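Visitor: Dropping the structure in here first, questions after.
The values are calculated or read from the model by the stated rules, or taken from the named source; none is laboratory data. Because the structure is predicted, anything quoted here is derived from the model rather than measured. Cβ sites come from the backbone with ideal geometry, for glycine too, and all protein chains shown count toward neighbours. Protein only, heavy atoms only, side chains kept; ligands, DNA and RNA dropped before computing areas. Shrake-Rupley method; radii C 1.70, N 1.55, O 1.52, S 1.80 Å.
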Amino acid sequence: CPGRYAPENRGQIVLTDRHAATACPIIIRPADAPLTAELPPVDFARCSAVYLMDVRISSSGLAGLGNHENNLLHFAASRDILIRRVTARGSDTGAGWPFLVVKVNQCLRVYIEDCDLSGAAENTIDYVAVHYGHIVRNRLHDTRAECMYVKGGSAHHLIAGNEMFDSV
């Protein structure tokens, strides 16, 4: 449904151990028009077949969280993830910038498509030990460091058609 969704007590929505199959995935998207729902930072751990589509995610840095927890969108130890047509924007409204816009670690088959990702103290996309997937047709911009890292044992990715600008 349209509107702004409130975060849990840590300033994030945390979803752990949510499982589905690619034939019948967990789909998170607005019921109405694209980009009419705005989410706070979202943290997924040990999830499978999650499709996040057509939503906005925005936040400034979250006080009380360490850099590695302070991300707009985080997937850990998950598989079969689709992030499509998501606009995620970090901002600094006094608590500092989010550390990363999209953080993905120890995951399989992650697909990021047609997104607009911006506003981080470090990177818009940071992969560590992510196997299989693609990062295509995205706008990655307005970071205080590099726009994208694919590192630490990551392999088998197609990275094409992305526009990267306004990074240090």
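Visitor: Could you check the stretch 111-142 and list, in sequence order, the residues that are in a strand (DSSP E or B), open to solvent by 30 Å² or more (accessible area, probe 1.4 Å) and under 18 Å from Val55 (Cβ atoms)?
Guide: Passing the criteria: Tyr111, Arg139.
Visitor: Test Ala121 against the stated conditions and say whether it is in contact (Cβ under 8 Å) with a residue 60 or more places away in the chain and of a type outside the set (D, E, K, R).
Guide: Yes: the conditions hold for Ala121.
Visitor: Identify, from the list Ile81, Ile112, the residue that is in contact with a Phe, Trp or Tyr (Cβ under 6 Å, 6 or more places away or on another chain) and either more than 25 Å from Ala20 (Cβ to Cβ) or at pLDDT 95 or above (or both).
Guide: On the way: Ile112 fails: in contact with a Phe, Trp or Tyr (Cβ under 6 Å, 6 or more places away or on another chain).
Answer to the selection: Ile81.
Visitor: Now, a different point. Of the numbered conditions (1) modelled with pLDDT of 95 or more; (2) of a type in the set (Gly, Ala, Ser); (3) within 26 Å of Asp142 (Cα to Cα), Ala21 fails exactly one; give the number of that condition.
Guide: The one condition Ala21 does not meet is (3).
Visitor: Do you know which of the residues in the stretch 1-58 that are of a type in the set (Phe, Trp, Tyr) and outside any loop (DSSP other than H, G, I, E, B) is surrounded by the most Cβ atoms within 10 Å (Cβ to Cβ)? Talk me through it step by step, then tell me what you get.
Guide: Kept after step one, since they are of a type in the set (Phe, Trp, Tyr), are these residues of the stretch 1-58: 5, 44, 51.
Filter again for outside any loop (DSSP other than H, G, I, E, B), leaving 44, 51.
Numbers: Phe44: 25, Tyr51: 17.
Within the stretch 1-58, the match that is surrounded by the most Cβ atoms within 10 Å (Cβ to Cβ) is Phe44.
Visitor: Gly96: over 15 Å from the mean Cα position of the chain (by Cα), on the phi > 0 side of the Ramachandran plot and open to solvent by 30 Å² or more (accessible area, probe 1.4 Å), yes or no?
Guide: In short, no.
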